[in-house]
Amino acid sequence: MTDTSATVGVVWKQESARIVAGLLRLVRDVGLAEELAQDALVAALEQWPATGVPENPGAWLMTIAKRRAVDHIRRVRTQERLAPDIARLSETDQEPGDDDVLRLMFTSCHPVLPTEARVALTLRVIAGLSPAEIARGFLVGEQVIVQRIAAAKRTLAEAGVSYEPSTQLSSVLEVVYLIFNEGYSATSGADLIRADLCLEALRLGRLLAVLAPEQAEVHGLVALMEIQQSRSAARTGPGGEPIPLHEQNRGRWDQLLIRRGFAAMLRAREAEGPPGPYVLQAAIAVCHAQARTAEETDWVRIATLYEALERLLPTPVVRLNRAVAVGFAHGPQAGLDLLDELRADSKLADYHLLPSVRGDLLVRLGRPAEGRRELERAASLARNAAERDFLLRRAAALAVPEESGMLLGPAVAGFVGSLGPATSRAYGQTLHRIARSAGDRLPLAGLTAAGIAEICAMAWPDVAPRSWNRHVAAVRSFATWAGVPELASGLRPRRARPGSVAVHAPLPPSEPSLRERALWCLLRESSAKVGAVLALNVEDLDLADRSARDGAIVWRSGTARLLPELSAGVPGGGLVPPDGGPGRGPPPAPADLCPETGRRRLSYERAEYLCKRMTGRSLGRLRHAPAVPGDPGQR
């Protein structure tokens, strides 16, 4: 029984793509085609232990699956609408061919799907992997993969995707290479390499090369993966630690895979057309494979190839790789100059290889102290445990004295630990992100206001003013706590743009008081939460900076004209006072009273009532409404 089940599993992995592809031509639905193929698999598991494995197991599975398809059509369609489907069935009596599998690959990699869904669906219907196997490969829960696959099938059905091979070959190649890269350099987890994903990507690439033999980019991708996979045995040490390319034992490289890569590269060159990105990357891999030692590597040619690749694919990662090549071809300073141009690119803000490469170049330039900081910063950004440990060991091996003074990482931990739970969570997200980007081991003395401003601009380039101001408040509070308030001098609060509400209330019949006008104007100009505005104390205001609570709430000219008069002569306590009488309800909390005058603050319920009476709007609508001529807040 066990042997038969194992045979069924092997046959399924080999034939599932062809079976699903053949059914897809009939039923025009990826999800339904896979379900019918699964029914055939269940039938094999039930029947083969008793009857034995058929002589042609793939044809047996296809026959059973087609019978299930006919049964499905008969159940859901009337006799009149069945005729075209039966005609289509007669056309598919032959075994599914290469065109069917190619059609299925284009469908599972269709650009209408998000990248993660494309990868999951391709591994499911083309590679025949179970959701559990896919989940293990990407270190996510099995249910996550099940949901991605189901959502992908639903999206394809709703979008009415054509099941003919499209011109989106680049999408298919992208998915295959993403699968390979996740196996070749795992982004997270304890292991650097996940061999199962690499092998599946190679199998898919080889299959695609058979199905589309005239496409140079397909052969280029296969050549690239074959040559990179040839180094797998030499890429890690006994403890799983990564070994850089120029330090690898080239005697451990798999020569069979290298020869396969060279052959695929020859097929790519025989195809017509200029070289594309995968062909150029394969040419770079060929240069490495041809060098018998690291010293014999033709870095000048590699740098030239990267320059050509950058013209076709001007991504930050390609520019980073070009800087590495230039550093070996023309000296570390040339590479560092190119690398420093990338430091302002927000896409590389959390990319650990940028500080890792920079650390290497600094060490080669005789600047080990700076190199160590960069390697430690790279380790703090690395999500893969093996890579993180490797970077820390390299940093520790540099003969430089320990950093003196307060270090950024421990200082952030100490400050965040001194805060209350809510503030600790909010400020901690900001400050830990800054510490990762700057380096946990960087002395506070090495930080500058310009550096902090640059990190914040890269980390949060497009956040809403309210979120930005929270980050600014976190930095200001930390800098003051650490005794270096000048670190926050490069950050300025952002003023929120008013929202839009289509309907505006007519002018109220009575003139609003100074309190109401200031409150309405402050809510609209700051876009802050109503509760936060009502909780403001007079001592929280910085009238000169038009802000409160270290920049968490900011306002514009309308509020700036009203607040000085509202707060004049008030030593402290709530900014927005209540009505004259004591009013109903529970007694106010001590925090809601001025310690000197005993003055209370306006309650939310009373503010809501006044707002509706005066403007016809709720506080929430008023908060997002733009200023219009004659609005009470502008009087």
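The values are calculated or read from the model by the stated rules, or taken from the named source; none is laboratory data. In this text the structure is predicted, and so the values were computed from the model without any measurement. Please note: Cβ atoms are built from the backbone with ideal geometry, for glycine as well, and neighbour counts cover all protein chains shown.
Remarks
- Single match in 327, 273 (criterion: of a type outside the set (Asp, Glu), farther than 16 Å from residue 374 by Cα and in a loop (DSSP other than H, G, I, E, B)): 273
- Identity of the residue in the range 1-32, among the small types (Gly, Ala, Ser) and free of Cβ contacts under 8 Å to residues at least 40 places away in the same chain, that ends up farthest from residue 66 (Cα to Cα): 6
- Which listed residue is touching a Pro at 6+ places or on another chain (Cβ under 7 Å), closer than 23 Å to residue 242 by Cα and at pLDDT below 90, from 386, 382, 396: 386
- Being surrounded by fewer than 17 Cβ atoms within 10 Å (Cβ to Cβ) and either modelled with pLDDT of 85 or more or among the aromatic types (Phe, Trp, Tyr) (or both) is not true of residue 435.
- Residue in the range 380-403 that is over 15 Å from residue 441 (Cβ atoms) and β-branched (Val, Ile, Thr) present: no
- Subset of the range 33-47 [surrounded by fewer than 19 Cβ atoms within 10 Å (Cβ to Cβ), farther than 24 Å from residue 118 by Cα and either among the hydroxyl-bearing types (Ser, Thr, Tyr) or in contact (Cβ under 8 Å) with a residue 24 or more places away in the chain (or both)]: 45
- Residues (of a type outside the set (Ser, Thr, Tyr) and either touching a residue at least 60 places away in the same chain (Cβ under 8 Å) or loosely packed, with under 15 Cβ neighbours inside 10 Å (or both)) located in the range 511-524: 511, 512, 514, 515, 516, 517, 519, 520, 521, 523, 524
- Qualifying residue in the range 356-373 (condition: in a helix (DSSP H, G or I), among the acidic types (Asp, Glu), over 24 Å from the mean Cα position of the chain (by Cα) and within 30 Å of residue 261 (Cβ to Cβ)): yes
- Checking 399, 378 one by one, the residue that is in a helix (DSSP H, G or I) and not assigned by TED's automatic domain parsing to the domain that holds residue 475 is 378 and no other.
- Residue count for the range 193-231, restricted to those that are over 20 Å from residue 245 (Cβ atoms) and either in contact with a Ser or Thr (Cβ under 9 Å, 6 or more places away or on another chain) or not in a helix (DSSP H, G or I) (or both): 6.
- Test: residue in the range 318-330 that is β-branched (Val, Ile, Thr), surrounded by fewer than 18 Cβ atoms within 10 Å (Cβ to Cβ) and without any contact (Cβ under 8 Å) to a residue 40 or more places away in the chain: no
- With respect to the conditions (1) surrounded by fewer than 19 Cβ atoms within 10 Å (Cβ to Cβ); (2) in a helix (DSSP H, G or I); (3) modelled with pLDDT of 80 or more, residue 153 lacks only one, and its number is (1).
- Of all the numbered requirements in (1) part of a helix (DSSP H, G or I); (2) in contact with an Asp or Glu (Cβ under 8 Å, 6 or more places away or on another chain), residue 455 misses one, and that requirement is (2).
- Residue match in the range 247-256 (condition: under 24 Å from residue 279 (Cα atoms) and surrounded by 22 or more Cβ atoms within 10 Å (Cβ to Cβ)): no
Residues are listed down the side, and each one gets a yes or a no for (1) in a helix (DSSP H, G or I); (2) over 11 Å from residue 357 (Cβ atoms); (3) modelled with pLDDT under 95; (4) of a type in the set (A, V, I, L, M, F, W, C):
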| position | (1), (2), (3), (4) |
| --- | --- |
| 301 | yes, yes, no, no |
| 310 | yes, yes, yes, no |
| 314 | no, yes, yes, no |
| 318 | yes, yes, yes, yes |
| 321 | yes, no, yes, no |
| 337 | yes, yes, yes, no |
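- Of all residues in the range 266-281 being of a type in the set (A, V, I, L, M) and out of contact with any Asp or Glu (no Cβ under 9 Å at 6 or more places or on another chain), the one that is surrounded by the most Cβ atoms within 10 Å (Cβ to Cβ): 280
- Matching residues, the range 394-413, being surrounded by 13 or more Cβ atoms within 10 Å (Cβ to Cβ) and either of a type in the set (Ser, Thr, Tyr) or touching a Phe, Trp or Tyr at 6+ places or on another chain (Cβ under 9 Å) (or both): 411, 412
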